[in-house]
1. Once the Cα gyration tensor of the stretch 47-115 is diagonalised, what are the square roots of 5 times its eigenvalues, in whole Å and ordered largest first, as equivalent ellipsoid semi-axes?
2. Taking 37 °C and 0.692 mPa s as the conditions, I'd like the Stokes-Einstein D for the stretch 109-158 in µm²/s, using the Kirkwood hydrodynamic radius from alpha carbon pairs.
3. Using 0.36 nm per residue of separation minus the Cα-Cα distance, give me the extension gain between Trp204 and Arg36 in nm, one decimal.
4. Which parts of the stretch 144-176 would a label at Lys79 reach, counting a residue when its backbone N lies under 16 Å from a point 7 Å out along Cα-to-Cβ?
5. What distance in nm separates the two pseudo spin-label positions at Phe107 and Glu212, each 7 Å out from Cα along the beta-carbon direction?
6. Rg and Dmax of the chain, using alpha carbons, in Å: what are they?
7. Between helix 157-169 and the chain, what is the angle of the helix's C-alpha long axis to the longest principal axis, kept within 0 to 90° and rounded to the nearest 10?
8. Just grab the label-to-label distance for Tyr125 and Arg25, each label 7 Å out from Cα along the Cβ direction, in nm (one decimal).
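What follows draws every value from the coordinates through simple rules; no lab data is involved. All values reported here derive from a predicted model rather than from experimental measurement. All Cβ positions, glycine included, derive from the backbone under ideal geometry; neighbour counts span all protein chains shown.
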Amino acid sequence: MTDWFHLMLLFTNSRTGISTHFAQRHFGIAQKAAYRAVDRVRTHLALLEGVRMVGGPGVPVYVDETLLNGVRTLSRSGKGKAILMGLTDGDVVTTAIIPDRRSDTLFSVIDQRIRKGSIIVTDSYNSYKRLADLGWARETVNHSKGFWVNESGFSQSRIESYWAVFKRMIRGAHLHVRRDKLWKYVNAFNFCYNRRMRSHETFWDMISAFPEFPPKITPPKELDLVPHRFLDS
């Protein structure tokens, strides 16, 4: 039991995440046992984080997508890719795994994750053009013309800095991840990242609740970062 709580403490205090090999060396256990322990703690964090809503009336929400390399598929290759969509109001970040960058896909995430009345800040990607027609206030930062701050003073730096830290975690500790477990890595990272301003409370938040684990967790579909049946846990 002491080792389990020690591993949880390491998870909440690591900037680059905890890998199976690190746990194997640190605790002096077999690789399979280390994999099970690390996966269990990561799943616990992912379920606790759930799906967040961001923004509010008059609050800017910064939206961006990124291509994540090093995603393993069933062929066991680490050369696959995944598209992630991030949304943040500056304090809280929520992330979705999406199948493509079409407007219908992006708008679906926006409707699910952003509170009405928010100001959506995006780049000049064409798929966002219809946001105003759908009733959303929008600010655009045109990166294609070399602008990083628009005339109203908005930029994408808050969501872009999140991507930099997240990718550093993937490259530094894991190199590549399995596609069916990617939602765990993303949500577990967000659990700690969203508490970065009160990191001394992260461990206590982690052990404050223990959602029930089913015998087998079915990987969520695209657009569903956490299976819906876990959201009330």
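1. Working: eigenvalues 135, 35, 21 Å².
Semi-axes, largest first: 26, 13, 10 Å.
2. Values: Rh = 11.6 Å.
Diffusion coefficient, whole number: 284 µm²/s.
3. 58.3 nm
4. Those under the cut-off are 176.
5. Label at Phe107, label at Glu212, 3.9 nm between them.
6. So, for the chain, Rg and Dmax equal 18.3, 58 Å respectively.
7. Orientation of helix 157-169: about 20 degrees from the principal axis.
8. 3.7 nm
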